[in-house]
1. How many residues are free of Cβ contacts under 8 Å to residues at least 40 places away in the same chain and either under 41 Å from the mean Cα position of the chain (by Cα) or farther than 17 Å from residue 549 by Cβ (or both) when one looks only at segment 497-529?
2. Exactly one condition in (1) touching a helix residue (DSSP H, G or I) at 6+ places or on another chain (Cβ under 6 Å); (2) within 20 Å of residue 190 (Cβ to Cβ); (3) surrounded by fewer than 16 Cβ atoms within 10 Å (Cβ to Cβ) is false for residue 554; which is it?
3. Being in contact (Cβ under 8 Å) with a residue 12 or more places away in the chain and either out of contact with any strand residue (DSSP E or B) (no Cβ under 9 Å at 6 or more places or on another chain) or under 14 Å from residue 270 (Cα atoms) (or both) narrows it down to one residue among 317, 321; which is it?
4. Are any of the residues in segment 468-487 touching a helix residue (DSSP H, G or I) at 6+ places or on another chain (Cβ under 9 Å), within 22 Å of residue 138 (Cα to Cα) and surrounded by 13 or more Cβ atoms within 10 Å (Cβ to Cβ)?
5. Exactly one condition in (1) touching a strand residue (DSSP E or B) at 6+ places or on another chain (Cβ under 7 Å); (2) surrounded by fewer than 20 Cβ atoms within 10 Å (Cβ to Cβ) is false for residue 358; which is it?
6. Would you check if residue 314 is under 56 Å from the mean Cα position of the chain (by Cα) and on the phi > 0 side of the Ramachandran plot?
7. Residue 446 versus (1) touching a helix residue (DSSP H, G or I) at 6+ places or on another chain (Cβ under 7 Å); (2) surrounded by 14 or more Cβ atoms within 10 Å (Cβ to Cβ); (3) over 30 Å from residue 214 (Cβ atoms): which is the lone unmet condition?
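The values are calculated or read from the model by the stated rules, or taken from the named source; none is laboratory data. Since this is a predicted model, take the numbers as computed values, not measurements. With ideal geometry, Cβ positions are generated from the backbone for all residues, glycine too; neighbour counts draw on all protein chains shown.
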């Protein structure tokens, strides 16, 4: 590896760059050097606010990672094309600049303390209810942000959201709008229909060789062998770091304590009588408590006294029974009293809501698993976590190795993995786990790999695996011969011819007196596909409305809409509330979009 880097560092261009670094550092210091490499040309300007190429590329990379995270294996390579991502990133940066300028004009602001509070309270960055620094850093690294850049991004997000929240909060929905939606949703339609089977028509449809050849010649562009590539690749997984990970006894003990922290060491079966002080004075409450204690001492059962005196409606009719209680469930004063008692004791204490007379009925020690029983499991978890962190830390080194060499052997040797080879695959991906990944496909057909014969950048398959690939072979797109496509062409031509025939039969059936109709009465919206198509037709006036509609199966249906009526079912209050919330959200979105369009329309934007 080092020799390879040395070989690449002997060129005149490299020497010029090194000379520039030395001179810049000596004359102006490291800040000037960093600034010179971070400066980028302006790609857009919004009311004097510049958007740089670096910001656009960062935005495109963030979008790429977010798409991969959100869609996983469902993502298509087309969504990850650089030009598309960069165009969308620039559009988003322009929109953000417009909104940020508006917030500044309105005198709005966001403090660092607000941003810190937002991040600390975000569930996404928490483990067991506490902020997790590692989870936070791993997340922002996965998006390609530094901590400072991510914090600034969040600050701007909160800032530009303030006017939007004000617009959304000012929206309201009138009762007639909700009633209108309710009426439309409960509408019922009566219609007749005739179905025409595409499969049956196709069986009775014949085509000639001339028709097939004519279709092939007219649609030759549709019959091509797609461009394909074969790649070599290395996969580096977190499991490759298992043997390099060391777990200390202290780490195991910390993990064990964390794992049993949720276990209560003891539970106590308790009953209580509550004397509330919200509607009576403290003096009256104490007198009532004394009265209860006197009766208890005279032999009256705690159960009967709870039913007569307790203000806790949830337990009074069950003898004051609270069930098994662990610390932290009721209150500090209650806990202090209960967990200082012996079995059979009765004790009074003042709490948040009044006075409690507590009876302790039983004490149960929780069954906390031993360290020995958890050691293997905890060791495995710690190894997996540390290995994942080690892989994340190695990302930069893997990227450097991929860039420094024109081969994969160096990476394979460094991480003790094999160089693998794929089968041929096109831009729609292959059939195995690696080549079916959209990010791998996008990288394989990237100019740097396909044309410049370079290694790809590091590609994150998931949190536990990364891959680097190199082109092995490339097959360009080519036309298929007629003989190769004849079966496919036959299927298409037969189906097209059958569909045209069905369309003629359906149109003829409109006026035919021999047409046999099937009827549906008072159909509700969305009950089946035919009914959904019937709901797309306009209301009939004097005559029924007829139309030919295509079904998802390929069949056709002639539908005759006879009558439209308001539904008879009453809409529940919950459903009306759902309609209201839906309309409110729609109006808020439309208003926000309108505001965005207005602001962009009056802004001076140069690209």
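1. Result for segment 497-529: 8.
2. So residue 554 meets the others, but not (2).
3. 321
4. Yes, because at least one residue in segment 468-487 is touching a helix residue (DSSP H, G or I) at 6+ places or on another chain (Cβ under 9 Å), within 22 Å of residue 138 (Cα to Cα) and surrounded by 13 or more Cβ atoms within 10 Å (Cβ to Cβ).
5. Residue 358 satisfies all of (1) touching a strand residue (DSSP E or B) at 6+ places or on another chain (Cβ under 7 Å); (2) surrounded by fewer than 20 Cβ atoms within 10 Å (Cβ to Cβ) except (2).
6. So residue 314 does not fit the description; no.
7. So the condition that residue 446 fails would be (1).
Each row is one residue, and each column tells you yes or no for (1) closer than 30 Å to residue 352 by Cα; (2) surrounded by 12 or more Cβ atoms within 10 Å (Cβ to Cβ); (3) at pLDDT 95 or above.
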| site | (1), (2), (3) |
| --- | --- |
| 237 | no, yes, yes |
| 250 | no, no, no |
| 255 | no, yes, no |
| 262 | yes, no, no |
| 270 | yes, yes, no |
| 276 | yes, yes, no |
